Each structure stands twice: as C-alpha cells, then as structure tokens.
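Asks: Sharing a structure with you now.
The values are calculated or read from the model by the stated rules, or taken from the named source; none is laboratory data. Treat the numbers as computed from the prediction; the structure is a model and nothing was measured. Virtual Cβ from ideal backbone geometry, glycine too; neighbours counted across all protein chains shown. Areas reflect the complete protein model, heavy atoms only, side chains present, ligands, DNA and RNA absent. Shrake-Rupley method; radii C 1.70, N 1.55, O 1.52, S 1.80 Å.
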Amino acid sequence: MRVGVLGAGAWGTALAISLAAEHEIALWARNADHAQALARARENLRYLPDCAIPAAVTVSSDWSVIDACQAVVCAVPMAGLREVLGGLRSSTAHVVLACKGFEQASAMLPHEVLRDVLPGRAACALSGPSFAKEVARGLPAAVVLASDDAALSARLARLLNSNRLRMYSNDDLVGVEVAGATKNVMAIAAGICDGLGLGLNARAAMMTRGLAEVSRLGLKLGGRTETFLGLAGAGDLILTCTGDLSRNRTVGLRLAAGAAIDEILHGLGHVAEGVSTAYEVARLAQSIGVDMPITRAVCAVLRGELLPARAVALLLERDPRSEF
C-alpha cells in the first residue's frame, strides 16, 4: 500500500521509517530545504539523528508526493493541522490523525478539526505509548488506531500492523484523542514532581490522580472508561510521565529548576504540545463543569502565577475526599 506521511518532524519521520518495512511511503515536509536535507542525508539530522530513512521512503516538499496514496497519516503539530487537512480536499485517501492536543481557541480535538475542514470524511486517530526515537529504531511498541467506524479502524489496523509496531483497533475515537492530549499536561506535572525531588511515591500519586482527571474529562466528552485504562490512556500516561525522552516531562523538570517557559520552549527544539494543551483543557473543563486541579496548577505555573513548589503545596493542602 502507498502511505503518505504529512510532517517530517520526529514523529512523522519515525512513522515513515517504521511503516516503510511493509509499505511504499511518501514523506511530505513543509519546508523545501528540510525535505532536501532529509533526501540527501537519508536521516533527519535535526529531529531524529542516527535513524536511517529507508529507500522505500520518498521525501519531498511537493504536495503531489501524496498523490495515489491509499492512506495519509497527519503527523503535524496541532497548530498546523487545519491548514494541512485543507490540502486533502481532493484526495480520497483514508486520513489517520497522528497529532495530539486541542486546537487553540476552538478547543477542537483532531477529529473535530478534520470534520470541520473535510465534512463527511471518516476520521481515524493513532495514539498510544510511542516515543519517536524508539519507533524509528525498530524497538517494539503497541499503539491504538481508533475510529467511530469500527470496521474501518479494524481494517486499517490490520493493514498498518507490523511485528515491531503493533496496532490495536478501537471505536472510541473521542476517548483515545482526549487521553492522548491530556496526558501531556500530566507529564509536565510529573516533571515538576521529579524536578523538585519529591520522590517516587509523589510521582505515582500524581500520575494516578492525573489519570482520574483525564478520565473525568474524557467521560464527560463521550469517551469510555476502558479506553483510559488502555494503551491510549494509562499506557501513554505512564510512558510520558516517566520516560527521559518525554519533551513535556522535560518542560516540567526545567520549570522546577526555575527556568521560564519561553526560555524552555526556545531551548527544546521540538514542539511540546502539553503547554498549549494545558490552557485549552483548563478552559474546556471549566466550561463543562469538570474538576481538574492538577491541570489548573500546571497552568498557574506556566503563566508564572505560582512557583512550582507552591503549586504542589496547594494541591497537597486540599481537603480529604473520597477517591471515587
């Protein structure tokens, strides 16, 4: 099958490398110089060094590279998703959304942006515990391919599955996308815990209560409980909150060390979706009456309204309550 991958950052490049074991891949990069550099070096020196791009991957900044693709994977940041989807209006390919977050201002999930731009098009989302570097190196991983069309998600999961990137199907599209977006906010909180040296007990408590927050929001928006206990929920949360490759956890670590958010993002070199997502999640949760104290605390730290240690203290000082 010919598969297009839109976005030549770390995640898009990793998916292109992984999928090339079974498919013919067209990797589209927005920037022509970046595309030429990838094609020349056969690796993404900027975002994913030391991971060879196979010969089965064609790299280009020309939109025509995705012509004749049966499936197109969108691996661009949320900020660029709407524009990229607009280029697919004449395409009949299945669209798989591999970005995580809420669109700024609208608070739309990826599949909602797709339906706004491409009315009537079936939506699929790819999520789960999967650091780009490990996927690119062929280390085993398991992810979820979700669609509210159960037959479509099952068929695409079978087609894209490999012995290194195992794909499970799921028909809870909302739950999978909410879990994938909100876990990045919790990873910032986990980084703050670790950066302050609060210990493993504190991190485990934060992750567990963070999963409760994520689940409350997801259930309110129409997701299902089991999704938040699966790969897209607990699995991705565990990875992102504990792994050294997590960009969002790194943001939290640096906040705890006293760095300002603008300085952190400038030095990171990659997009950390949890920063913009935190604000959108907090606004959305307030508007629909979902209590998310960890998310509010993260937002207060990001805005410079609270020092990290004070934000943690306020969470710990909350009145005791029933766990469930």
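Asks: Would you mind stating whether residue 263 is open to solvent by 10 Å² or more (accessible area, probe 1.4 Å) and in a loop (DSSP other than H, G, I, E, B)? It would help to see each step written out before you state the result.
Replies: Values: open to solvent by 10 Å² or more (accessible area, probe 1.4 Å): yes; in a loop (DSSP other than H, G, I, E, B): no.
No; evaluated as a whole, the condition is false for this residue.
Asks: Look at segment 220-243 and say how many of its residues are open to solvent by 30 Å² or more (accessible area, probe 1.4 Å), assigned to a helix (DSSP H, G or I), touching a residue at least 24 places away in the same chain (Cβ under 8 Å) and not charged (D, E, K, R).
Replies: Summing the residues that are open to solvent by 30 Å² or more (accessible area, probe 1.4 Å), assigned to a helix (DSSP H, G or I), touching a residue at least 24 places away in the same chain (Cβ under 8 Å) and not charged (D, E, K, R) in segment 220-243 gives 4.
Asks: Same structure again: I want to confirm something. Restricting to segment 305-324 and keeping residues that are in a loop (DSSP other than H, G, I, E, B) and at pLDDT 95 or above, which single residue is surrounded by the most Cβ atoms within 10 Å (Cβ to Cβ)?
Replies: Just the residues of segment 305-324 that are in a loop (DSSP other than H, G, I, E, B), to begin with: 305-307, 317-324.
Adding the requirement that they be at pLDDT 95 or above leaves 305-307.
On the way: 305: 11, 306: 18, 307: 14.
In this case the residue turns out to be 306.
Asks: Check whether at least one residue in segment 75-94 is touching a helix residue (DSSP H, G or I) at 6+ places or on another chain (Cβ under 6 Å), open to solvent by less than 30 Å² (accessible area, probe 1.4 Å), within 16 Å of residue 19 (Cβ to Cβ) and at pLDDT 95 or above, and report yes or no.
Replies: Yes, segment 75-94 contains at least one residue that is touching a helix residue (DSSP H, G or I) at 6+ places or on another chain (Cβ under 6 Å), open to solvent by less than 30 Å² (accessible area, probe 1.4 Å), within 16 Å of residue 19 (Cβ to Cβ) and at pLDDT 95 or above.
Asks: Looking only at segment 266-292, count every residue that is at pLDDT 95 or above, surrounded by fewer than 17 Cβ atoms within 10 Å (Cβ to Cβ) and in contact with a helix residue (DSSP H, G or I) (Cβ under 6 Å, 6 or more places away or on another chain) and tell me the total.
Replies: 1
Conditions tested, residue by residue: (1) of a type in the set (Val, Ile, Thr); (2) assigned to a helix (DSSP H, G or I); (3) in contact with a Cys (Cβ under 8 Å, 6 or more places away or on another chain); (4) surrounded by fewer than 24 Cβ atoms within 10 Å (Cβ to Cβ).
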site	(1), (2), (3), (4)
151	no, yes, no, yes
175	no, yes, no, no
180	no, yes, no, no
187	no, yes, yes, no
197	no, no, no, yes
201	no, yes, no, yes
205	no, yes, no, yes
209	no, yes, no, yes
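Asks: Would you call residue 56 surrounded by fewer than 16 Cβ atoms within 10 Å (Cβ to Cβ) and over 21 Å from the mean Cα position of the chain (by Cα)?
Replies: On the way: surrounded by fewer than 16 Cβ atoms within 10 Å (Cβ to Cβ): yes; over 21 Å from the mean Cα position of the chain (by Cα): yes.
Answer is yes for this residue.
Asks: Looking at 21, 14 in this structure, which one is touching a Lys or Arg at 6+ places or on another chain (Cβ under 8 Å) and part of a loop (DSSP other than H, G, I, E, B)? Reasoning before the result, please.
Replies: Numbers: 14 fails: part of a loop (DSSP other than H, G, I, E, B).
Every option except 21 fails the conditions.
Asks: Let me ask something additional. Might you check whether a residue that is of a type in the set (Gly, Ala, Ser) and open to solvent by less than 10 Å² (accessible area, probe 1.4 Å) occurs anywhere in segment 113-125? Before the answer, list the steps.
Replies: Of the residues in segment 113-125, the ones of a type in the set (Gly, Ala, Ser) are 120, 122-123, 125.
Retained after the next criterion (residues that are open to solvent by less than 10 Å² (accessible area, probe 1.4 Å)): 123, 125.
Looking through segment 113-125, at least one residue is of a type in the set (Gly, Ala, Ser) and open to solvent by less than 10 Å² (accessible area, probe 1.4 Å).
Asks: Next up: Which residue pairs have Cβ atoms closer than 7 Å, lie 6 or more positions apart in sequence or on different chains, and pair a first residue in segment 80-102 that is at positive phi with a second residue that is of a type in the set (D, E, K, R)?
Replies: 101/273
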